[in-house]
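The values are calculated or read from the model by the stated rules, or taken from the named source; none is laboratory data. Remember, predicted model here, so these are calculated numbers, not experimental data. In this analysis, Cβ positions are derived from the backbone assuming ideal geometry, glycine residues included, and neighbour counts consider all displayed protein chains. When the accessible area is computed, the model is the full protein with side chains, heavy atoms only, and any ligands, DNA or RNA have been set aside. Shrake-Rupley method; radii C 1.70, N 1.55, O 1.52, S 1.80 Å.
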Amino acid sequence: FDMIILCIDDSYDRYSKFARMAAEKGLVAVIGYGPEFINFYLNNCRNQIVGICLDHDMPGYNGRKVAQNDLSEFNIPVVITSSNPLGANAIKDILDEYAVPCTKMKPVNALEWQRRALEWFEEQT
């Protein structure tokens, strides 16, 4: 099985280059959001997930809920990709409380944050 980076975000276009960059490193970027998507991957592919990219603002769901309800029990490294500073800080506070390795990377310069995110995931293993 391939190793996965789970990208929990409703902005699929944010990850088009990221998915190609991940593939060059032998990783599969899986992009989606919502409870069913998250639960499917965490329940069925947990051992393959090497990292998670997490946004805050998503329709009907936000990264704060994901961090609290879904990610707090796993020790999977998380890159917080929200451009909402309050949301990103709230996610970081939750993950820090549960000692989940995490870092914030504002998705401004696409190639820069994507390259840094992949490097950061590699450092966590």
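Quick notes
- Isolated cysteines in the chain, defined as those with no second cysteine Cβ under 4.7 Å, comprise CYS45, CYS102.
- Relative packing of 64-72, 3-11, which averages over residues the other C-beta atoms within 10 Å, highest first: 3-11, 64-72
- Qualifying lysines (Cα of each under 19 Å from Cα of LYS25; at least 8 residues distant if same chain): LYS17
- Here's the list of aspartates and glutamates a cross-link from LYS92 could span, going by alpha-carbon distance under 20 Å and ignoring same-chain residues fewer than 8 apart: ASP9, ASP10, ASP55, ASP57, ASP70, GLU73, GLU119, GLU122, GLU123.
- With every protein chain in place, the stretch 1-120: carbon and sulfur % of accessible area (1.4 Å): 49
- For the peptides 46-52, 22-28, residues were scored by their other Cβ atoms within 10 Å and the scores averaged per peptide; the highest-first order is 46-52, 22-28.
- Against the empirical curve 2.2 N^0.38 Å, the C-alpha radius of gyration of the chain lands at a ratio of 0.93.
- 1.4 Å probe accessible area per residue over the chain, in Å²: 50
- Average silhouette area of the stretch 52-115, convex hull of alpha-carbon atoms, in square nanometres: 4.0
- Of the beta bridges in the stretch 29-125, as assigned by DSSP with both residues counted there, near 25 percent are antiparallel.
- Residue with peak Gaussian network fluctuation, the chain [Cα springs, cutoff 10 Å], from PRO59, PRO107, PRO85: PRO59
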